[in-house]
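The values are calculated or read from the model by the stated rules, or taken from the named source; none is laboratory data. Note that this is a predicted model, so its numbers are computed, not measured. So basically every Cβ, Gly included, is an ideal-geometry build from the backbone, and we count neighbours across all protein chains shown. Each accessible area value is taken on the protein alone, full model and side chains, heavy atoms only, with ligands, DNA and RNA left out. Shrake-Rupley method; radii C 1.70, N 1.55, O 1.52, S 1.80 Å.
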Amino acid sequence: MSTVANHATAPTSVTKEKMLQMYRRMQMIRSFEEQVNELYTRALMPGLAHLYIGEEAVAVGICEALNNDDYITSTHRGHGHCLAKGASPDRMFAELLGKEAGYCKGKGGSMHIADPATGNLGANAIVAGSTGIATGAAFSAKHAAKGQVAVCFFGEGALGQGVVYEVMNLAALWKLPVIYVCENNLYTEYTHFSETLAGDLLTRGTAFGVPSEDVDGQDVIAVHNVAKRMIERARAGQGPSFLVCNTYRYSGHRVGDINREYYRPKQEEQQWKNDRDPLKLFSHWLVRQGHADAAALGAIDKEIVEQMKTAVEFAIASPYPAPDKVAQDVYA
């Protein structure tokens, strides 16, 4: 893998308003996921969830470069993508709790949230499962000729799945407007990626003639800058791109994965949290550059925390679907 520098001070055309929107979205994802962990701990949430804490800059940096009618596909670790693309926290919490007010009427749960109104074609619990969906959406977008693009999020573990290369090959041949985004958080469940993936990750794209780059996934401005360029290229009919975002998940593979020392050291986790936290890096940079002061950012933080608490209360108070609706909207 090539080394990636921190580009937070690189020139950018992002407006102050857009920067504060990015900060707000990142804080929203962080606070949402903290509440998810709390719901799981209190045994109020059925099933499992996979927290996105630590990776917020990836989803936000990319989705802030998209239009509302652009498409995304997500993964089992998909709450951050959903929120970054515009999903409402109250309906997301309702979905996690299996309530009728949820995006999928409580039948999808954490790993299958979809919101077509914001271009979110759905999360997917199958590794690399959404790569074909995103490529199909890009195929549709090209023929509709409305300038839409699709972004496909997946983890580095998906690079071991053949479907990634089948769809990337077609996307390159047909110049489809799709950006393949690999969120390399270093661990494929409980195994370091270096033990499962040979060679340089970028060659997965360059083998098909697909422009490929890696970026510091903890730096929202760096992610946004390269994503914007790739998205503009796709809109112009120049075909797909492959982006590797080097990032880190602070929590375990899933909620409940508490004792992690057997597969990654605590010192490593603390170093990322202390030195490479995307929210800390961005907030410090915003203050240094004069785009915001600590008081303004603190007010945003407080507002978001209250918003999440209200959203949780809404979800808890919402009713479950009626038993006679168990087979409605379910297809086989």
At R0 = 41 Å, FRET efficiency that the Cβ-Cβ distance of LEU186 and ALA317 yields, to 0.05: 0.60
Can you give the calculated 222 nm mean residue ellipticity of the chain, where each DSSP H run of n ≥ 4 adds -39,500 (n - 2.57) and the sum is split over every residue, rounded to the nearest 500 deg cm²/dmol? -13500 deg cm²/dmol
Residue of GLY108, GLY162, GLY78 that the Gaussian network model of the chain assigns the largest fluctuation, springs spanning Cα pairs under 10 Å: GLY162
Past 20 Å, Cα to Cα: identify those pairs from LYS85/LYS175; LYS16/LYS228; LYS175/LYS228; LYS99/LYS309; LYS107/LYS325, in the order given. LYS85/LYS175
When the chain is fully extended, how far beyond the present Cα-Cα distance does LYS146 get from LYS266, taking 0.36 nm per residue of separation? 38.4 nm
Classify the range 132-209 as rounded, prolate or oblate, taking a ≥ b ≥ c as the square roots of the eigenvalues of its Cα gyration tensor: rounded when a/c is under 1.5, otherwise prolate if a/b is larger than b/c and oblate if not. prolate
FRET E, pair ASP69, SER13, Förster distance 25 Å, beta-carbon r, rounded to 0.05: 0.65
Per-selection Kirkwood Rh - the range 74-166 (Cα, Å, 1 d.p.): 13.7 Å
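So if R0 is 30 Å, what FRET efficiency would LEU173 and ASP329 give, r being the distance between their Cβ atoms, rounded to the nearest 0.05?
0.25
In Å, what Kirkwood hydrodynamic radius results for the range 232-272 from the alpha-carbon pair distances? Write out the running numbers ahead of the final one.
On the way: mean 1/r = 0.0748 Å⁻¹.
With all distinct Cα pairs of the range 232-272 included, I get 13.4 Å.
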Compute the relative contact order of the chain as a whole-number percentage, counting only Cα pairs closer than 8 Å that sit 6 or more residues apart in sequence. 24 percent
Once both label points are put 7 Å beyond Cα along the C-beta direction, the LEU48-ALA198 separation in nm becomes 2.9 nm
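When every alpha-carbon pair in the chain is counted, what percent end up more than 28 Å apart?
Summing the P(r) tail past 28 Å for the chain gives 39 percent.
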If you count only protein heavy atoms with a 1.4 Å probe, what accessible area per residue comes out for the chain, rounded to a whole Å²? 43 Å²
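Of the heavy-atom accessible surface of the chain (probe 1.4 angstrom), what whole percent is carbon and sulfur?
Here it works out to 54 percent.
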For the range 30-184, the Debye formula with one identical point scatterer on each Cα and no solvent gives log10 I(q)/I(0) at q = 0.08, 0.12, 0.18 Å⁻¹ as -0.22, -0.48, -1.03
At 30 angstrom or more along the helix axis (alpha-carbon based) and mean Kyte-Doolittle of -0.5 or higher, what helices does the chain contain? Whole DSSP H runs only. 294-317
